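To keep things clear, I will list the structure first and then write my remarks on it.
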Amino acid sequence: MTKQMAINFLDYKAFCLHNDPNVKSDDTEEIINMSINALGKQIAKKPIQPYKTNEIWDGHYDCPICKQIVGIGNIRDKYCCNCGQKIKWRNEE
């Protein structure tokens, strides 16, 4: 099972719990949603390069989720230190 398949499954289970009148309100739905968020951060996303070439911050990359700096030039983080999102650089899985 891939991470995306697990997210889809948990998302479906959260939907079912939310819409089932026989299920008492407890922390189960919140736990499932937290799991979805944690799994989602393990799926690598490409960083954002907010500035084009020939500008002051050329080679500066931001996290696609929280906009925290994740790379400058050849110094590149595998994960965002602010939100934990996995960062996908060229040809990396």
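A straight Cα-to-Cα reach below 18 Å connects Lys46 with the lysines Lys3, Lys67, Lys78, Lys86, Lys88, residues fewer than 8 places away in its own chain not being considered.
Taking every protein chain into account, the 1.4 Å probe leaves Asp11 with about 90 Å² of accessible area, to the nearest ten.
Any idea of Tyr61's accessible area? Nearest 10 Å², probe 1.4 Å. About 40 Å², ignoring ligands and nucleic acids.
The values are calculated or read from the model by the stated rules, or taken from the named source; none is laboratory data. Computed from a prediction, not measured in an experiment: that's the story for all the values here. Accessible surface is based on the protein model in full, side chains and every heavy atom, while ligands, DNA and RNA are left aside. Shrake-Rupley method; radii C 1.70, N 1.55, O 1.52, S 1.80 Å.
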